[in-house]
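Enquirer: Have a look at the structure that comes next, please.
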Amino acid sequence: MHAWPTQTASRRGGIGFKLVFFLALLCAGMALAWMCLLPYAVTRLVRARTGFGIEIRSLYANPFTADLEIRGLVVTNPSSFPRKDFVELREFRARARLFSLCSRRPVIDDAVIDVALICLVKDPHGLINTRAFRDGLIGPASARPPAEAKPEERKFLIKRLQVRFDRLMVADYSRRRPDVREFNLNFSHTYENVTSARQLAVPLGDILSPVAGAIGGILPEAGQALRTAGAAVKETGRKTGEAVKGFFEALEKTLKP
């Protein structure tokens with residue numbers, strides 16, 4: 001007499017368990033498809049827009065936790081450049097606070113930038129690979145509407161940032177005799193509470209001077225600013241901050257067409 005309700009509840013429990021299991025399996029499948037297809041979608045978009053080659057060993061992005069991780073990123077120059085090397089990134093990782101991304105001050109708890117190589121190349125016609133890549137990705141400055149006013153600098157906070165930078169190459173093929181230089185920087189530094197990109201330049205003071213001469217051959221204003229910042233970083237106080245600020249402003253100005 002009392003067995004029937006028990007059997008019905010058991011069946012309902014079994015159906016509920018199967019439904020939960022199916023939903024979990026579906027979510028796992030969608031997450032797996034997301035992780036597998038995302039690197040392909042990103043590389044295809046970059047190749048189509050810029051003409052640069054790109055490979056990514058793994059790319060993980062979680063929209064629910066605001067975590068991003070890229071491993072084995074290699075960007076190569078188009079065949080029109082005399083040299084193939086451009087960017088080799090071993091790892092980029094960022095763990096942000098999800099709700100802060102919607103605010104006026106995003107907060108990243110932990111980030112890692114591990115660069116194996118960056119190669120700046122100027123082709124025989126004077127075109128620089130960094131500029132060609134940027135223009136292909138977001139369009140040349142001449143095609144974008146002029147800004148009516150200088151945009152307000154966006155505020156952010158990176159509580160902990162690890163930066164590793166192994167090698168820098170500067171290759172100038174616009175000269176009669178190509179000038180190719182390689183610098184083993186072996187830079188490694190951990191930053192705390194970063195609120196401005198200018199903070200990143202200060203610990204580079206010891207290696208700015210030799211790099212400045214090579215970069216100046218391709219980006220004259222940035223090279224001069226690097227030399228100024230390199231000398232000022234050895235000092236302390238207000239002068240150093242002004243020199244680093246001047247470097248970033250000169251670099252931004254130089255990269256504009």
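The values are calculated or read from the model by the stated rules, or taken from the named source; none is laboratory data. Predicted model, so just to flag it, every value in this text is computed and none were measured. Glycine also receives a Cβ, built like all others from the backbone with ideal geometry; neighbour counts cover every protein chain displayed.
Enquirer: Name the single residue that is surrounded by the most Cβ atoms within 10 Å (Cβ to Cβ) among those in segment 95-108 being outside any strand (DSSP E or B) and touching a residue at least 40 places away in the same chain (Cβ under 8 Å).
Expert: Within segment 95-108, the match that is surrounded by the most Cβ atoms within 10 Å (Cβ to Cβ) is PRO106.
Enquirer: Among the listed residues PHE92, PHE81, PHE86, identify the single one that is surrounded by fewer than 17 Cβ atoms within 10 Å (Cβ to Cβ), touching a residue at least 12 places away in the same chain (Cβ under 8 Å) and either closer than 24 Å to VAL180 by Cβ or under 13 Å from the mean Cα position of the chain (by Cα) (or both).
Expert: Within the list PHE92, PHE81, PHE86, the selection yields PHE92.
Enquirer: Which residue is modelled with the lowest pLDDT, if the candidates are limited to segment 63-73 and must be within 18 Å of VAL163 (Cα to Cα) and surrounded by 18 or more Cβ atoms within 10 Å (Cβ to Cβ)?
Expert: Among residues in segment 63-73 that are within 18 Å of VAL163 (Cα to Cα) and surrounded by 18 or more Cβ atoms within 10 Å (Cβ to Cβ), the one modelled with the lowest pLDDT is ILE70.
Enquirer: Let me ask something additional. Out of (1) in contact with a Phe, Trp or Tyr (Cβ under 6 Å, 6 or more places away or on another chain); (2) at pLDDT below 95; (3) not aromatic (Phe, Trp, Tyr), the odd one out for THR76 is which?
Expert: All conditions are met except number (2).
Enquirer: Now for a different question. Can you pull out every residue in segment 109-124 that is within 21 Å of VAL163 (Cβ to Cβ) and either under 14 Å from the mean Cα position of the chain (by Cα) or in contact (Cβ under 8 Å) with a residue 60 or more places away in the chain (or both)?
Expert: ALA111, VAL112, ILE113, ASP114, VAL115, ALA116, LEU117, ILE118, LEU120
Enquirer: If you go through segment 61-70 one residue at a time, do you hit one that is in a strand (DSSP E or B) and either of a type in the set (Asp, Glu) or not assigned by TED's automatic domain parsing to the domain that holds HIS189 (or both)?
Expert: So far as segment 61-70 goes, yes, one or more of its residues are in a strand (DSSP E or B) and either of a type in the set (Asp, Glu) or not assigned by TED's automatic domain parsing to the domain that holds HIS189 (or both).
Enquirer: Could you check segment 121-140 and list, in sequence order, the residues that are of a type in the set (A, V, I, L, M) and under 19 Å from MET169 (Cα atoms)?
Expert: Across segment 121-140, the qualifying residues are VAL121, LEU127, ILE128, ALA132.
Enquirer: Taking segment 51-70 on its own, how many of its residues are polar (S, T, N, Q) and more than 21 Å from ARG97 (Cβ to Cβ)?
Expert: 1
Enquirer: Does LEU204 satisfy being assigned to a strand (DSSP E or B) and at pLDDT below 90?
Expert: no
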